[in-house]
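Note sheet for the following structure.
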Ligand SMILES: [Zn+2]
């Protein structure tokens, strides 16, 4: 996870990257994409397709999160939203 370096505005180098540096950056992006895809597939397998059900305090008892704070979402709902943003409906 340490092979991807994000350049911040203060450290921008005007020298064009070498082909090797470009190829290494593209390879690093592909590795991260593969890992992200694996994680999303795993998350899709783990997420509960059933909806949340809340008590009068806002805790989700369907998924075992009875102590959610006001405004806090159930992690299962957060996972579904993350997957939906990637085009995966659960
Ligand atoms: Zn829930």
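The values are calculated or read from the model by the stated rules, or taken from the named source; none is laboratory data. Because the structure is a prediction, the values reported are computed rather than measured. Please note: Cβ atoms are built from the backbone with ideal geometry, for glycine as well, and neighbour counts cover all protein chains shown.
Is one or more of the residues making up region 2-22 assigned to a helix (DSSP H, G or I) and surrounded by 10 or more Cβ atoms within 10 Å (Cβ to Cβ)? Show your work before the answer.
Filtering region 2-22 down to residues assigned to a helix (DSSP H, G or I) leaves 9-11, 19-22.
Still in the running and surrounded by 10 or more Cβ atoms within 10 Å (Cβ to Cβ): 21-22.
Checking region 2-22: at least one residue is assigned to a helix (DSSP H, G or I) and surrounded by 10 or more Cβ atoms within 10 Å (Cβ to Cβ).
Under 6 Å between Cβ atoms, which residue pairs at least 6 apart in sequence (or on different chains) link something in region 63-90 that is part of a helix (DSSP H, G or I) with a partner that is modelled with pLDDT under 95 and surrounded by 11 or more Cβ atoms within 10 Å (Cβ to Cβ)? If the second residue must be modelled with pLDDT under 95 and surrounded by 11 or more Cβ atoms within 10 Å (Cβ to Cβ), the pairs left are 80/90; 83/90. The single condition among (1) within 11 Å of the ligand (Cβ to nearest atom); (2) exposed (fewer than 10 other Cβ atoms within 10 Å of the Cβ) that residue 66 does not satisfy is (2). Looking at the structure I just gave you, is residue 40 closer than 30 Å to residue 5 by Cβ and in contact with a helix residue (DSSP H, G or I) (Cβ under 9 Å, 6 or more places away or on another chain)? Spelling it out, residue 40 is indeed closer than 30 Å to residue 5 by Cβ and in contact with a helix residue (DSSP H, G or I) (Cβ under 9 Å, 6 or more places away or on another chain).
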